[in-house]
1. How far is it, in nm, from the label point at Ala293 to the one at Arg226 when both lie 7 Å from their Cα along the line to the Cβ?
2. Please work out the Cα center distance from the stretch 144-181 to the stretch 221-293, rounded to the nearest Å.
3. Using protein chains only and a probe of 1.4 angstrom, how many square angstrom of Lys134 are accessible, to the nearest 10?
4. How large, in percent, is the carbon and sulfur part of the accessible surface of the stretch 184-315 at a probe radius of 1.4 Å?
5. Mind putting together the pair-distance distribution for the stretch 1-158? All Cα pairs, 5 Å bins, whole percent per bin, short to long.
6. Could you state the accessible area per residue of the stretch 158-315 in Å², with a 1.4 Å probe and every protein chain left in place?
7. In bins 10 Å wide, starting from 0, what share of all Cα pairs of the chain does each bin hold, as a percent?
8. In whole percent, how big is the carbon plus sulfur part of the accessible area of the stretch 30-79, probe 1.4 Å, protein atoms only?
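The values are calculated or read from the model by the stated rules, or taken from the named source; none is laboratory data. Every value quoted in this text rests on a predicted model; they were computed, and no experiment measured them. We place every Cβ from the backbone using ideal geometry, glycine too, and count neighbours over all the protein chains shown. Just so you know, the surface numbers come from the protein's heavy atoms only, side chains and all, with ligands and any DNA or RNA stripped out. Shrake-Rupley method; radii C 1.70, N 1.55, O 1.52, S 1.80 Å.
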Amino acid sequence: MTTLLDAAPADRVRPSRAEVLDLLTGGIRFRFRVWGAAGILAAISAATFAAVALGAFGSYLGWQTAPPLPSNAEVLQMVQPVLPPEASAQPQRWDFIFDNNPEYSDPRWTYVVGGTDEYRAGKVFFQFTYLHNKPPQQVVEAADERMRAAGWLPAAKQTSGCCPETALHRDGWLVEVFSEGYLDESHYGLQIAVARTTPAVVLPLTTAGLLAGGLAGWLLAAWVFRRVQESTPARRTLTVVVCGAGLLALFPATALSAVTLVASYFTPDHPAEPAWIGYTFILFRPLAYLGAAAFVSGLPITALPSPTRRGPLIN
């Protein structure tokens, strides 16, 4: 800025558009710039971790717009084509968007601290048993045909193995029919459930989170990289060890959420797992807590002012 002011003619009151553009692009280039294999690897890693975290957060925010589950009467009307006569007229309800399996009796704090491997989507469902007079594949196939005939669209289908299933969607709702496997020598279980499809705002918010996280992660890594270049060797080593340990602890949760983030773009009508599942998974959650704490604690170390390096005075 001082160079522009000193070089400006006497009648110039503001920089030209070219000068403004050059100043902005130069500043952006400087703030994003890293060099060397270690610097580029660190920036890519930080950008990836931050992109997944903010992408998962964007997905979480989008899911908070999901509507309440339908009433029991509405559910009965939806699944009437596949509801067997012996099914109970009162379905079970999990009236949440996503949460730990409510059938678990562990204290709530164990899930909050340690995570869970039973993070489930909210749903309204029927459970009942079938005799072995029909194979489960035949029952699920027949249910799929009746739902399609009633105007439901296919979302996913798998009829091989012990536990065949089918999922169909319409008007923001998902109907799942799946076998729960053999219960004893003469019976097997079957479940019919109504859940939500992915709300329309989830993918845009996920994408915005991915982009914002990638940019923020790269900028933060570039800032740390510039700071450690000016630090003492001891502080540089401490920063690298603390931040590196934090990213390592965050890796399991980030990797699992990255997989579900990618999958969410291909299966919006049949959301198997939420994008933030990695940060709720058993053992991954406490590691994520530790990783985030380690990474955040490394930033003040980097931010501390470095000793001023003075050269010899020259007359």
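1. 3.2 nm
2. 35 Å
3. For Lys134, solvent-accessible area is about 100 Å².
4. For the stretch 184-315, the apolar C and S fraction of the accessible surface comes to 75 percent.
5. 1, 6, 8, 10, 11, 10, 8, 7, 6, 5, 5, 6, 5, 4, 3, 2, 1, 1, 0, 0
6. 52 Å²
7. 5, 19, 23, 19, 13, 10, 6, 3, 1, 0, 0
8. Values: 1850 of 2610 Å².
That fraction is 71 percent.
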